[in-house]
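K.L.:
I'd like to ask some things about the structure below.
The values are calculated or read from the model by the stated rules, or taken from the named source; none is laboratory data. Predicted, not measured: the structure shown is a model, and the values here were computed from it. Cβ: placed from backbone, ideal geometry, glycine included. Neighbour counts: every protein chain shown.
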Amino acid sequence: MPYIEIKKSIYYEIVKRILDFAFSLLLLIIFLPIIIIVAILIKLDSYGPILADTPERVGKNGKLFKMFKFRSMVENAHEILRENPKFSKLFDAYKKGSYKLKDDPRITRAGSFIRKHSLDEIPQLLNVLRGEMSLVGPRAYYPDELREQQKKYPKTKDAVKVVLSVRPGITGFWQVSGRSDI
């Protein structure tokens, strides 16, 4: 698969990191009232923590990190789906459907609202502050998702190396182009 490799200077990396840090800090301050309201909605709607216990994602150079998100599902949603025999067909559909489910029964009422408006993504600004993500970049993949993709499409290994050469982003092509629909 042909791709364009762009050599970035150290100055580019430094400036991008400074801009990511400054803008994410500013956005966290601006979004503080929304963060408080969303946290209250989550606590009033269902039992469990405010932030989701999400599976690790693959970041820059293949380094794993924990992505922060507001909890939009019932507590332990991933374990329930993976381990409960009642959900085995749903788990198969989950893996085949780019790790998404249409009409997912694990989503709470508040979760449905915050997902519809992408408010569950706001805590990822903390990942940007920590240097695990960027404001703009490729989607952050699950390790299993990358393995399955490369098994199914072995010619994508070079493209994956390019994707993993930068920090994943809160926004990017995947996020603005219809998410799972592309």
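K.L.:
Could you go through the stretch 34-55 and let me know if any residue there is among the charged types (D, E, K, R) and assigned to a loop (DSSP other than H, G, I, E, B).
P.N.:
yes
K.L.:
Then there's this: For the stretch 12-28, does any single residue satisfy the condition of being of a type in the set (Lys, Arg) and surrounded by 15 or more Cβ atoms within 10 Å (Cβ to Cβ)?
P.N.:
Scanning the stretch 12-28 turns up at least one residue that is of a type in the set (Lys, Arg) and surrounded by 15 or more Cβ atoms within 10 Å (Cβ to Cβ).
K.L.:
Only one of (1) surrounded by 15 or more Cβ atoms within 10 Å (Cβ to Cβ); (2) modelled with pLDDT of 75 or more; (3) assigned to a loop (DSSP other than H, G, I, E, B) fails for Tyr99. Which number is that?
P.N.:
Only one criterion is unmet by Tyr99, namely (2).
K.L.:
Mind counting the residues in the stretch 145-170 that are without any contact (Cβ under 8 Å) to a residue 12 or more places away in the chain and either within 17 Å of the chain's Cα centre (by Cα) or outside any loop (DSSP other than H, G, I, E, B) (or both)?
P.N.:
Summing the residues that are without any contact (Cβ under 8 Å) to a residue 12 or more places away in the chain and either within 17 Å of the chain's Cα centre (by Cα) or outside any loop (DSSP other than H, G, I, E, B) (or both) in the stretch 145-170 gives 8.
K.L.:
I'd like the full set of residues that are surrounded by fewer than 13 Cβ atoms within 10 Å (Cβ to Cβ) and without any contact (Cβ under 8 Å) to a residue 40 or more places away in the chain, limited to the stretch 38-62.
P.N.:
Correct list: Ile40, Tyr47, Pro49.
K.L.:
So, in the stretch 1-25, exactly how many residues are at pLDDT below 85 and basic (Lys, Arg)?
P.N.:
So the count comes out to 2.
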